[in-house]
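Chemist: Submitted below is the structure of interest, expressed as structure tokens.
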Amino acid sequence: MSTRLLYNIRQLVNTRMRSHPLRGAELAELPVIDDAWLQLEDDRIAAFGAMQALPPDLRLLLGTDTALDVSGCLVLPAWVDSHTHLVFSGSREAEFVDKIKGLSYAEINAKGGGILNSARRLAETSEDSLFAEAWQRLQELTRLGTGAIEIKSGYGLTVESELKMLRVIKKLRERSRVPIRATFLGAHTYPAAFRENHEGYIEKIIGDMLPAIAAGGLADYIDVFCEEGFFSPAETERIVRAGQRIGLSAKLHANQLHCSGGVEVGVRLGALSVDHLESMNDAAITTLAASDTIGTLLPTAAFFLRMPFQPARKLIDAGCRIALASDYNPGSSPSGNMNLVIAMACTGMRMLPEEAINAATLNGAYALSMGDQLGSITPGKMANLIITRPVPSLAYLPYAFGTNLVGRVLIRGEFIN
Ligand code: NIG
Ligand code: FE
């Protein structure tokens with residue numbers, strides 16, 4: 001067994017002897033220890049405490065190779081990014097320029113851009129190239145402190161291409177130390193061939209895609225873009241129920257562009273999370289607050305599409321469970337930088353730094369059913385950690401939003417940089 005000690009930690013953040021998903025006002029409670037030590041055993045967190053109470057056997061390690069002096073730095077659980085579309089081909093900056101000129105997201109979709117543009121490119125890209133692109137992105141995100149990630153399909157939209165995406169995610173999972181969860185998002189939009197035949201495409205999802213996914217063990221979750229002009233609540237329900245029959249829990253795209261009924265259908269189906277939530281009314285907020293479903297907010301998507309930010313304060317005050325994620329994708333959030341997500345949650349949504357950090361670590365982990373493994377400094381959890389550069393305080397992280405303050409990152413107890 002290999003022991004490692006981090007010591008002289010300015011502040012050890014999110015220390016909990018046990019954890020549960022945080023709701024409402026609990027989100028602002030971020031336990032920290034000033035001037036702390038942290039002991040790791042192999043890939044796990046073993047123990048922690050204040051320097052003045054460093055046990056004598058660990059004191060013997062000071063000055064040896066197994067102990068690292070991190071004076072001036074914070075140590076926190078690595079970010080858990082519970083909503084991304086990391087596997088995609090190329091980029092869509094031409095649409096970005098169209099949007100600057102005044103076209104809306106819906107107008108770009110209607111003229112064959114948007115998701116369909118990415119789907120065309122993905123169909124032309126080999127599985128190996130797709131893997132290579134995604135691998136690069138994953139390495140970049142890990143260096144920025146992301147220590148667990150969810151990745152969706154949804155740029156395939158044919159049996160062949162959806163399976164290709166899910167196989168790429170599986171390969172990332174096999175080759176990376178980062179815990180990865182896969183979500184099947186065949187119901188992202190209607191492919192051109194089924195524009196006038198929605199029923200035909202839904203039958204393809206349920207009759208062809210889901211059985212192949214079940215046979216290959218290729219997904220953990222099922223997602224549907226529940227939105228006007230995409231999938232209705234009734235269609236969402238049919239698709240989710242079919243996914244649940246093969247063991248996939250639901251994580252839905254809900255209430256992004258309109259009050260689409262996505263939150264209500266998600267809660268009724270016992271979804272693990274309903275994500276986006278830019279467009280919320282009182283009924284949707286009350287429904288979410290009365291449930292165990294996590295509301296995952298994606299502030300960089302709101303920012304990039306120039307939409308009003310998600311009503312985080314209302315959701316927290318109503319007693320919802322809130323997580324934060326990046327939505328990394330080529331159309332609405334071409335950044336997977338969770339440090340930026342936290343900064344935007346604070347400036348754009350008025351979340352407190354403590355709330356944002358809890359939402360991007362512990363509640364993010366619960367939004368991936370990994371709350372018992374990740375998201376806090378808890379004995380027995382995975383040692384997926386961020387060691388910051390020297391900083392004056394915790395609030396400095398979202399405050400100094402343009403500076404990369406992530407110093408070193410550990411994944412399963414090993415330094416990756
Ligand atoms: O989460 N809203 C649906 N899907 C993505 C965007 C996909 C795209 O534009 O490529 C999102 O924002
Ligand atoms: Fe998304």
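The values are calculated or read from the model by the stated rules, or taken from the named source; none is laboratory data. As the structure is a computational prediction, the values presented were derived from the model and not from experiment. Heads up, the Cβs are rebuilt from the backbone with ideal geometry, glycines too, and the neighbour counts pull from every protein chain shown. Side chains included, ligands, DNA and RNA excluded: accessible areas come from the protein's heavy atoms. Shrake-Rupley method; radii C 1.70, N 1.55, O 1.52, S 1.80 Å.
Chemist: Just checking, which of 199, 174, 160, 140 is open to solvent by 10 Å² or more (accessible area, probe 1.4 Å) and either closer than 30 Å to residue 403 by Cβ or in contact with a Phe, Trp or Tyr (Cβ under 7 Å, 6 or more places away or on another chain) (or both)?
Modeler: Checking each option against the conditions leaves just 140.
Chemist: Residues in region 132-151 that are in contact (Cβ under 8 Å) with a residue 60 or more places away in the chain, among the aliphatic types (A, V, I, L, M) and farther than 22 Å from residue 44 by Cβ: how many? Walk me through how you get there before you give the answer.
Modeler: Pass one, region 132-151, residues in contact (Cβ under 8 Å) with a residue 60 or more places away in the chain: 137, 140-151.
Narrowing further to those that are among the aliphatic types (A, V, I, L, M): 141, 144, 148-149, 151.
Among the residues that remain, those that are also farther than 22 Å from residue 44 by Cβ are: 141, 144, 151.
Total satisfying the criteria: 3.
Chemist: Would it be correct to say that residue 156 is within 15 Å of ligand 1 (Cβ to nearest atom), touching a Ser or Thr at 6+ places or on another chain (Cβ under 8 Å) and free of Cβ contacts under 8 Å to residues at least 60 places away in the same chain? If you could, list the steps in order and put the result at the bottom.
Modeler: Values: within 15 Å of ligand 1 (Cβ to nearest atom): yes; touching a Ser or Thr at 6+ places or on another chain (Cβ under 8 Å): no; free of Cβ contacts under 8 Å to residues at least 60 places away in the same chain: yes.
It is false that residue 156 is within 15 Å of ligand 1 (Cβ to nearest atom), touching a Ser or Thr at 6+ places or on another chain (Cβ under 8 Å) and free of Cβ contacts under 8 Å to residues at least 60 places away in the same chain.
Chemist: Right, next: Would you check if residue 113 is in contact with a helix residue (DSSP H, G or I) (Cβ under 7 Å, 6 or more places away or on another chain) and more than 16 Å from ligand 2 (Cβ to nearest atom)? Before you say what the answer is, go through the steps one by one.
Modeler: On the way: in contact with a helix residue (DSSP H, G or I) (Cβ under 7 Å, 6 or more places away or on another chain): yes; more than 16 Å from ligand 2 (Cβ to nearest atom): yes.
For residue 113, the condition - in contact with a helix residue (DSSP H, G or I) (Cβ under 7 Å, 6 or more places away or on another chain) and more than 16 Å from ligand 2 (Cβ to nearest atom) - is met.
Chemist: Give region 68-107 a look and list any residue that's among the small types (Gly, Ala, Ser) and over 17 Å from residue 335 (Cβ atoms), or say none. Talk me through it step by step, then tell me what you get.
Modeler: Residues of region 68-107 that are among the small types (Gly, Ala, Ser), as a first pass: 71-72, 78, 82, 89-91, 94, 102, 104, 106.
Hits for region 68-107 are 71, 72, 78, 89, 94, 102, 104, 106.
Chemist: Name the pairs: first residue in region 169-190 and assigned to a loop (DSSP other than H, G, I, E, B), second residue surrounded by fewer than 20 Cβ atoms within 10 Å (Cβ to Cβ) and of a type in the set (Asp, Glu), Cβ to Cβ under 7 Å, at least 6 apart or on different chains?
Modeler: Matching pairs, first to second residue: 177/414.
To keep it simple, each residue is scored yes or no on (1) more than 16 Å from ligand 2 (Cβ to nearest atom); (2) in contact with a helix residue (DSSP H, G or I) (Cβ under 9 Å, 6 or more places away or on another chain); (3) open to solvent by 40 Å² or more (accessible area, probe 1.4 Å).
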residue	(1), (2), (3)
320	yes, yes, no
336	no, yes, no
357	yes, yes, no
367	no, no, no
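Chemist: Under the condition of being within 19 Å of the chain's Cα centre (by Cα) and open to solvent by 10 Å² or more (accessible area, probe 1.4 Å), which residue from region 271-299 is nearest to ligand 2 (Cβ to nearest atom)?
Modeler: Top of the filtered list is 278.
Chemist: What pairs come up if the first residue lies in region 326-344 and is without any contact (Cβ under 8 Å) to a residue 60 or more places away in the chain and within 15 Å of residue 83 (Cβ to Cβ), the second is in a strand (DSSP E or B) and within 6 Å of ligand 1 (Cβ to nearest atom), and their beta carbons are under 7 Å apart, counting only those six or more places apart or on different chains?
Modeler: Once the first residue is without any contact (Cβ under 8 Å) to a residue 60 or more places away in the chain and within 15 Å of residue 83 (Cβ to Cβ) and sits in region 326-344, no partner that is in a strand (DSSP E or B) and within 6 Å of ligand 1 (Cβ to nearest atom) comes close enough.
Chemist: Further question: Out of 341, 263, which single residue is under 24 Å from residue 139 (Cα atoms), β-branched (Val, Ile, Thr) and assigned to a helix (DSSP H, G or I)?
Modeler: Step by step, each of 341, 263 is checked, and only 341 is under 24 Å from residue 139 (Cα atoms), β-branched (Val, Ile, Thr) and assigned to a helix (DSSP H, G or I).
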